[in-house]
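A short write-up of the structure that comes next.
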Amino acid sequence: MASGSRVELLDFDRAELAAELEERFNLPAFRARQLIRWVHKRRVRDFSEMTDIAKPLREAFGDAYSVYRPELAERQISRDGTRKYLFRLEDGSEIESVLIKQPDRLTLCVSSQVGCAMGCKFCRTALMKLKRNLATHEIIGQVLAVQDDAAELGLDFHNIVFMGMGEPLHNFDNVLRALRLLNDELGHDFSYRKVTVSTSGLVPAIERFGQVGAPASLAVSLNATSDDVRTALIPINKKWPIETLMRTLHELPLSSTQRITIEYVMLAGVNDTDADLQRLPGILHGLPCKINLIPYNENAGLGFKRPSTQHIARWQDRLLSRGFNTTVRWSKGEDIDAACGQLATQSSRQKRVGDRSAALS
Ligand code: SF4
């Protein structure tokens, strides 16, 4: 939270900042609105540039607060235009963010933790284990730093996904504050429809996500149609099996137009059998959802195989014919290790990775 003796301004959402400014400087709430606009919307870090604030107050703010950016350690640009950013944090930890280029838009994928505790067997981040949660300023700092970089190219992005390193709902409070900042119309002003939080299925946190009205859409990695296979792929399924997860999703308060995204990483011979294809519609029956089939990215080097394109197309056709809005998400940025399941920093990449598929057979 602090940089030297200064407090990090990006760690406050608007309501918290208003309370902070009142307590510390006895200032009215509009000062929080001014600061949110300057640091989030206009991306200004130097208080002397905040021209609608009187000079003595600007100086007091400069003494009290800092405005964070992570250090850009490396930027790689894929053949398909996807950009991967390696950021170094103040304690030396490294995280990655990816600006994904799609034909009609740019989407930023951000990290929420250094490493991850969930241990999903198809994911390279899992190999790092959990080092620590990111603070809110480290989450929002990724967004601002990539905006700074993209602005130089005249680019802008309108979608953000929490699908980088980490399980976002395992870092609930800091992610929720980041979501509120992203949604604040004085700040980033992203509609909740344009921000997606992807979870491996942490049931109590999903319930809380619904209770607090988090301003984001939810995506859930299902990835299997039987508890045996899902537990082998996603160990927390043992604690919160498919039936419990689905009951929780059914109980989420959604508007009539909201849909939960069901992600299904397709692993040849593991979760893509005809029996899976028969069971999946029954599991999702009655749930307001869309299905995202994700062909496994073999470059992740974890021993799984991607099903054939024809097989994936058959799944899509069958699910569409059963009335499910179903898309296939092909990975972007595979040549720079920016694709789904490939995010892991250099030190973890150097670890030897055994063939894990045997453990699932
Ligand atoms: S898939 Fe997501 S939740 Fe699972 S280990 Fe990887 S980062 Fe963590």
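The values are calculated or read from the model by the stated rules, or taken from the named source; none is laboratory data. This is a predicted model, so every value here is computed, not measured. Cβ sites come from the backbone with ideal geometry, for glycine too, and all protein chains shown count toward neighbours.
Couple of notes before you dig in:
Conditions (1) in contact with a strand residue (DSSP E or B) (Cβ under 7 Å, 6 or more places away or on another chain); (2) hydrophobic (A, V, I, L, M, F, W, C); (3) over 26 Å from GLN34 (Cα atoms), marked per residue:
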{"position": "ALA151", "(1), (2), (3)": "no, yes, no"}
{"position": "PRO168", "(1), (2), (3)": "yes, no, yes"}
{"position": "ASN171", "(1), (2), (3)": "yes, no, yes"}
{"position": "SER191", "(1), (2), (3)": "no, no, no"}
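- Figure legend. Inter-residue proximity from the range 156-171: first residues within 12 Å of LYS101 (Cα to Cα) and in the same structural domain as CYS123 (by TED's automatic domain parsing), second residues within 9 Å of the ligand (Cβ to nearest atom) and part of a loop (DSSP other than H, G, I, E, B), beta-carbon distance below 9 Å, spacing 6+ or different chains. No pairs are indicated.
- For the condition more than 30 Å from THR125 (Cα to Cα) and under 30 Å from the mean Cα position of the chain (by Cα), VAL98 does not qualify.
- Considered as a group, the residues in the range 103-126 that are more than 8 Å from the ligand (Cβ to nearest atom), more than 15 Å from the chain's Cα centre (by Cα) and touching a residue at least 40 places away in the same chain (Cβ under 8 Å) include one that is nearest to VAL195 (Cα to Cα), and that residue is ARG105.
- Count - residues of the range 119-170 that are in contact with a Gly (Cβ under 6 Å, 6 or more places away or on another chain) and surrounded by fewer than 18 Cβ atoms within 10 Å (Cβ to Cβ): 1
- Subset of the range 76-127 [acidic (Asp, Glu) and within 20 Å of ALA145 (Cβ to Cβ)]: GLU90, ASP91, GLU94, GLU96
- Conditions (1) under 24 Å from LEU287 (Cβ atoms); (2) in contact (Cβ under 8 Å) with a residue 40 or more places away in the chain; (3) buried (at least 21 other Cβ atoms within 10 Å of the Cβ); (4) in contact with a Phe, Trp or Tyr (Cβ under 6 Å, 6 or more places away or on another chain); number of the one not met by VAL197: (2)
- Flag for THR225 being at pLDDT 95 or above, in a loop (DSSP other than H, G, I, E, B) and β-branched (Val, Ile, Thr): yes
- Check on ILE206, within 16 Å of the ligand (Cβ to nearest atom), assigned to a helix (DSSP H, G or I) and surrounded by fewer than 22 Cβ atoms within 10 Å (Cβ to Cβ): no
- For PRO215: the one exception among (1) assigned to a loop (DSSP other than H, G, I, E, B); (2) closer than 30 Å to ASP13 by Cβ; (3) of a type outside the set (A, V, I, L, M); (4) within 16 Å of the ligand (Cβ to nearest atom): (4)
- ALA54 passes every criterion in (1) at positive phi; (2) without any contact (Cβ under 8 Å) to a residue 12 or more places away in the chain apart from (1).
- Residue count for the range 149-168, restricted to those that are of a type in the set (Asp, Glu) and within 16 Å of the ligand (Cβ to nearest atom): 1
- Flag for VAL175 being under 25 Å from MET266 (Cβ atoms) and either within 16 Å of the ligand (Cβ to nearest atom) or surrounded by fewer than 22 Cβ atoms within 10 Å (Cβ to Cβ) (or both): no
- Residue match in the range 262-279 (condition: in a helix (DSSP H, G or I), of a type in the set (S, T, N, Q), within 24 Å of the chain's Cα centre (by Cα) and loosely packed, with under 15 Cβ neighbours inside 10 Å): no
- Residue match in the range 110-127 (condition: touching a strand residue (DSSP E or B) at 6+ places or on another chain (Cβ under 8 Å), among the charged types (D, E, K, R) and under 23 Å from VAL265 (Cβ atoms)): no
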